[in-house]
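The values are calculated or read from the model by the stated rules, or taken from the named source; none is laboratory data. For clarity, every value in this text was computed on a predicted model and none was experimentally measured. Positions of Cβ are backbone-derived with ideal geometry, glycine not excepted, and every protein chain shown enters the neighbour counts.
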Amino acid sequence: MLSYVVRRLATAALILLGASFLVYLLTASSGDPLADLRASNAPNRQQLMDARSQLLDLDTPAPLRYFKWLGGAAQCLVPFAGTCDLGKSVTGQPITEALGIALVQTLTLVTGATVLAILIGITLGIVTALRQYSALDYGVTFMAFLFFSLPIFWVAVLLKEFGAIGFNNFLRNPVIPLPVSLGTGIVLGVVVAVAAGGEIKRRLISGGVVFALVTAVMVYFSATLWFKNPGLGPVVIGIAGVGMAFAVTTLVSGLKNRKALQASLIVAGLGVVSWFVIQPLLAQATGLMIFLLAIATVLVGVGVGYLMGGYDRGQSMRAAGITAFLVGGLVALDRFMQAWPTYFNNSRVRGRPIATIGAGTPNLQGDYWVLTIDTFTHLILPTVALILVSLASYTRFTRSSMLEIMNMDYIRTARAKGLSERSVIMGHAFRNALIPLATIVAFDIGALIGGAVITESVFSVHGMGFLFLDGITHIDPNPVMGVFLCVAVTAMVFNLIADLAYSALDPRVRIKA
Amino acid sequence: MRFGRISQAVGVLAIATLALSACAGNTGSPSPTSGGAQEGGTIGVAETNGFSSFNSGTADGNSDVNGHIGYATHSNFLYIDDKLNIVKNEKFGKYEKLSDDPLTVKYTVNEGVKWSDGTQVSAADLLLTWASGSAYYDDSNAEKKTGTTYFLTAADTSGLNLTDFPEIGEDNRSITLKYSKPFADWELALGFAGNGGIDIPAHVVAQKAGLKDAQALVDLFKSVKRGDPAAPKPVNAQLKKVADFWSTGFDSKTLPSDPNLFLSNGPYIVKDVVAEQSLTLVRNKDYNWGPTPHADEIVVRTIGSAPAQVQALKNGEVDIINPQASADTVEQIKALDGVQLLQGKQLSYDHLDLNYSGPFADKDVRTAFMLTVPRKDIVDKIIKKIDPEATPLDSQIFVPAQAAYADSVKNNGSSEYQDVNVDKAKQLLAGKTPTIRIMYNKDNPNRVDAFSLIRESATKAGFKIVDGGLGKADWSAHLGDGSYDATIFGWINSGVGVTGTPQIFKTGGGSNFNGLSSPDADKLMDELIITTDKAKQDELQTKIDAAIWSTSYGLPLFQSPDVKAYSDQISGVTAMPNQTGVWWNVWDWARK
């Protein structure tokens, strides 16, 4: 095992060396960094050309310049020495500093989107695999491929037009006309009726219920100007909490495990109680406090599950823990909604909350809730855009992997010995279906660091993709190499991790040194 | 369904809470204590590039956005208005020409003009501006690779380099520059705010370079002799330290923790910078030595792509945008409600140059070729879709924004080339069919269009046109190497000042790529660069313009269109062709 890792790392280092040499030469020879100045009619043209040549060290041939760069980059291997030198960009900024800024911007932009895309993609993949060739399956496949094939700059521009500008205009007077409410209700009702599966009667009932619910909610929202002053309140939290308790229990242990269900319900009740208790505390919230509260919430849930016990204590703890987390999320969501009017009416926001550019409203001041809402309103559109285009690969991947597993002999055996469908899917199939995803997720993390060039440019986020592109346009190898190093190292490390994870996840795979 | 006792208790509890909360609803929820932000008169401006340096006068710091921020945070003896006139700012100080021969100029800063840390703007600051913009101490020789370049400035040093070490006034607020020969652009010698002006506080540079105070810096400057590239001296370590700090010490993408690094002596001061995202300017509260700003705060947002700028304007995130001009952008802006579109012209212009060699050695051939260039069609095809009122540019030296343009075009001979005249061209060619290779940047669609139209028209007169278009990375390296006969590319008119003229048109000028050598024009240019009177300069330039046209130099084609837009909740924004852009009257911006 150890020798395997060492061997892999050594190969990785060699690959990195060769690839970096190639990338450096390619970038350096991709054009003429003095091109714009050569055509200049500035009286000090020569002086400017000399200055740039000196800054980029153009008198040294590119292969030699690479080794100079390598000399500086090698110092990055010395930990904590602070001697890391990746050169300077054409504006004289040290690359290490530029990378620091760009990484933060890229990660804020892509992390949420990737995590959500993975979660939603896997869920859709599993569901469509279980309902293979159903209307739902075709519908999801159609949508996934539709979004997959849309150019992201176009999706992003449309999102900005309707999701930001249109929605902000709507918020000025958030009244939904009745036909719109009815129409939305009908559309969603039909979608649910088609997707629900089962007999006609069951489909009609679910479609009808959804139609009535959606229309009622929208009329209610419109009548109370809910979007101006949103909130859930304990009633909705309570109802949703009970629903979640049932849903989570169904998935984790099955409703037959009464103790687990009771634990989840208790936790949901506790959540509603906590809504009343915790408000003064939430008024002082900080990021750390929310994090600690989240952990505490899960621990309380697990604790309740432990006390309830039952024939499978683990299942109770899991169900209650997950329910606690979700209900806690609702309480937090409600608190965000309470802060919404303050954010909305803030003079910096000017009543147009959804942003089209950047990562935050400049100079916005406010408490944790207002600032976090600000981050959300800036991230929501790029996140949606990225999710839409990357959903397809996860959905399809999970679907095919799940289908393959569902046709395995051991699944048939499990069914034959009388296991419930839930434990066949959740216990036997689902986990194994996730193993191949380790590869794709590991790859995506490399891509994640590389940034989303187009999305970044449409939403004016100056992240890794921008840095890379900027380096290429200025024929400036240093930023390009900085981005390349980060991406390459992450990709290699995560590939290694994926391989190791494989052997940990799948007992059939053994790493032989 | 049988629930245990606990579940029953939970049920009761849940029902109780629901009952309680039903009365409470959301209106009864604890009122949030979120803190609000306060403001008054904020204006948002979009910039294409990210801010990177508080010294926009350095070779790496002279980007457009740095210049704009420098302009808003500094003052000078003058600024340039949207008609490209020099406007004196006597509240800051005054400059006066003491004598014409030798040219002697005295600069005096008014008392009470202060950096934002309270230090008076003094002779030391003027001296630092002079030292950084004069290359006085440099003794580097690019060919032999000897000597040192101290200050890495973006400014043209040829003017201030003519001066001796300045004389410092007794009030310590004035310096006197004595030129060894007259210098035409003497008024612009100390630049303007954000452009090689009095932007960098000497006392800060002195401190950061390990000197005691500004006086120590002045003493250092006094003690070092003028550099001589022919006889380079060892590096002066202390001066090098000063120059290095000046060149790179103010580079920062974020707000430095040391406020000395972003001192202001102008209407605004930087309050906050979020790297690559935004920069906030607030009023400089002491400022009363220039036009008074209206807005309390200006927020600069970095938005690279043009459609993103338009959408941000539509969504109210910015109030003023300056996107790259294109027909799409103009259409998008026109479709917006409550937005004013400002169409103007940039100082950059496209032109066709003919080499004075090869097939074009014969003046008649050049004239014939010029007669075939469909300038109106080119403007129609390339520019009209952006700016419907665009017309071809008719002067080699002036742009319409300059007062002298109208007079110059009347007599410079451009009227001959208003319309295509194939018959006359054929006459001049007298049956010859010269092969002409035209070089241009084929990655620039405008140049490709211009080339196609010229080829089509010139072929009719009997020219054989060879497409010499090259990729964007290659074409400029071929300028002046004789591998082509004609070329289409862009230049930037300096707008104010005349030293740019000989750079292009003088025999052997640094950007004279086509080998123009006109003794008449050379003589006039020799006179021009030592003429210090504006009216006389215009007169000379008018003559030079005509002299160049008379040699059948080639043709100016069109000025690049400039597109800006602003929300109609803002007033005071006007079009401005030079690099300062809309920022030139930042003090007039106001929220209605």
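The table that follows gives values for the structure above.
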read-out: Candidate set from region B:232-275 (those that are within 11 Å of chain A (Cβ to nearest Cβ) and within 21 Å of the chain's Cα centre (by Cα)); member that is farthest from B:Ser53 (Cα to Cα); value: B:Ser247
read-out: Hits in region A:32-68 (condition: of a type in the set (Ser, Thr, Tyr) and surrounded by 15 or more Cβ atoms within 10 Å (Cβ to Cβ)); value: A:Ser40, A:Ser53, A:Tyr66
read-out: Qualifying residue in region B:502-514 (condition: touching a residue at least 24 places away in the same chain (Cβ under 8 Å) and more than 14 Å from chain A (Cβ to nearest Cβ)); value: no
read-out: Selected residue (criterion: nearest to the other protein chains (Cβ to nearest Cβ)) from residues of region A:36-50 that are aliphatic (A, V, I, L, M) and out of contact with any Asp or Glu (no Cβ under 8 Å at 6 or more places or on another chain); value: A:Ala39
read-out: Pairs, first more than 7 Å from chain B (Cβ to nearest Cβ) and within 26 Å of B:Gly50 (Cα to Cα) in region A:340-365, second of a type outside the set (A, V, I, L, M, F, W, C) and part of a loop (DSSP other than H, G, I, E, B), C-beta under 7 Å, six or more apart; value: A:Val349/A:Thr361; A:Thr361/A:Arg348
read-out: Selection count, region A:440-471, where residues are within 11 Å of chain B (Cβ to nearest Cβ), of a type in the set (A, V, I, L, M) and more than 22 Å from A:Ile380 (Cα to Cα); value: 2
read-out: Some residue of region A:502-510 being assigned to a helix (DSSP H, G or I) and within 14 Å of another protein chain (Cβ to nearest Cβ); value: no
read-out: Residue among B:Val496, B:Val582 that is closer than 23 Å to B:Leu347 by Cα and in contact with a Lys or Arg (Cβ under 7 Å, 6 or more places away or on another chain); value: B:Val582
read-out: Qualifying residue in region A:12-35 (condition: under 29 Å from B:Gly495 (Cα atoms) and touching an Asp or Glu at 6+ places or on another chain (Cβ under 6 Å)); value: no
read-out: A:Ile237 being at pLDDT 90 or above, more than 14 Å from chain B (Cβ to nearest Cβ) and within 30 Å of the chain's Cα centre (by Cα); value: no
read-out: Members of region B:88-117 that are loosely packed, with under 14 Cβ neighbours inside 10 Å and without any contact (Cβ under 8 Å) to a residue 24 or more places away in the chain; value: B:Glu90, B:Glu96, B:Ser99
read-out: Of all residues in region A:366-380 being under 26 Å from B:Gln311 (Cβ atoms) and facing chain B (nearest Cβ under 8 Å), the one that is surrounded by the fewest Cβ atoms within 10 Å (Cβ to Cβ); value: A:Gly366
read-out: Tally of residues being among the polar types (S, T, N, Q), outside any loop (DSSP other than H, G, I, E, B) and within 12 Å of chain A (Cβ to nearest Cβ) across region B:142-170; value: 2
read-out: Whichever residue in region B:496-518 is assigned to a helix (DSSP H, G or I) and in contact with a strand residue (DSSP E or B) (Cβ under 9 Å, 6 or more places away or on another chain) and, among such residues, is nearest to B:Asn195 (Cα to Cα); value: B:Gly500
read-out: All positions within region A:448-482 that are within 21 Å of the chain's Cα centre (by Cα), farther than 21 Å from A:Leu437 by Cα and assigned to a helix (DSSP H, G or I); value: A:Val453, A:Ile454, A:Thr455, A:Glu456, A:Ser457, A:Val458, A:Met464, A:Gly465, A:Phe466
read-out: Close pairs from region A:288-314: first modelled with pLDDT under 90, partner among the hydroxyl-bearing types (Ser, Thr, Tyr), Cβ under 7 Å, at least 6 apart; value: A:Met308/A:Ser316; A:Gly309/A:Ser316; A:Gly310/A:Ser316; A:Asp312/A:Ser253; A:Arg313/A:Tyr306
read-out: Pairs, first touching a residue at least 24 places away in the same chain (Cβ under 8 Å) in region A:38-53, second in a loop (DSSP other than H, G, I, E, B), C-beta under 8 Å, six or more apart; value: A:Arg52/A:Pro33; A:Arg52/A:Leu34; A:Arg52/A:Leu58; A:Arg52/A:Val90; A:Arg52/B:Ala59
read-out: Considering residues of region A:256-300 that are at the interface with another protein chain (Cβ under 10 Å from one of its Cβ atoms), under 30 Å from A:Val424 (Cα atoms) and of a type in the set (A, V, I, L, M, F, W, C) only, the residue surrounded by the most Cβ atoms within 10 Å (Cβ to Cβ); value: A:Ala263
read-out: A:Thr123 vs. criteria closer than 14 Å to A:Phe430 by Cβ, of a type outside the set (Phe, Trp, Tyr) and loosely packed, with under 15 Cβ neighbours inside 10 Å; value: yes
read-out: Enumeration of residues in region B:276-311 that are buried (at least 23 other Cβ atoms within 10 Å of the Cβ), more than 22 Å from A:Ala156 (Cβ to Cβ), within 11 Å of chain A (Cβ to nearest Cβ) and in contact with a Gly (Cβ under 7 Å, 6 or more places away or on another chain); value: B:Val299
read-out: Pair list, Cβ under 8 Å, 6 or more apart: region A:222-236 residue under 11 Å from A:Leu333 (Cβ atoms), other residue part of a loop (DSSP other than H, G, I, E, B); value: A:Gly231/B:Asn26; A:Gly231/B:Ser29; A:Leu232/B:Asn26
read-out: Sole exception among (1) more than 10 Å from chain A (Cβ to nearest Cβ); (2) free of Cβ contacts under 8 Å to residues at least 40 places away in the same chain; (3) crowded, with 18+ Cβ neighbours inside 10 Å for B:Lys314, by number; value: (1)
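Residues are listed down the side, and each one gets a yes or a no for (1) among the hydroxyl-bearing types (Ser, Thr, Tyr); (2) surrounded by 19 or more Cβ atoms within 10 Å (Cβ to Cβ); (3) part of a strand (DSSP E or B):
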| site | (1), (2), (3) |
| --- | --- |
| B:Asp423 | no, no, no |
| B:Arg437 | no, no, yes |
| B:Arg447 | no, yes, no |
| B:Ala450 | no, yes, no |
| B:Ser457 | yes, yes, no |
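Quick grid of which residues meet (1) of a type in the set (Gly, Ala, Ser); (2) touching a helix residue (DSSP H, G or I) at 6+ places or on another chain (Cβ under 8 Å); (3) free of Cβ contacts under 8 Å to residues at least 60 places away in the same chain:
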residue: B:Gly480; (1), (2), (3): yes, no, yes
residue: B:Phe489; (1), (2), (3): no, yes, no
residue: B:Lys523; (1), (2), (3): no, no, yes
residue: B:Leu528; (1), (2), (3): no, yes, no
residue: B:Thr532; (1), (2), (3): no, yes, no
residue: B:Gln541; (1), (2), (3): no, yes, no
residue: B:Ile544; (1), (2), (3): no, yes, no
residue: B:Thr574; (1), (2), (3): no, yes, no
residue: B:Gly581; (1), (2), (3): yes, yes, no
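To keep it simple, each residue is scored yes or no on (1) small (Gly, Ala, Ser); (2) in contact with a Pro (Cβ under 9 Å, 6 or more places away or on another chain); (3) more than 11 Å from chain A (Cβ to nearest Cβ).
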site	(1), (2), (3)
B:Ile438	no, no, yes
B:Asn441	no, no, no
B:Arg447	no, no, yes
B:Ala450	yes, no, yes
B:Lys460	no, no, yes
B:Phe463	no, yes, yes
B:Gly471	yes, no, no
B:Ser476	yes, no, no
B:Leu479	no, no, no
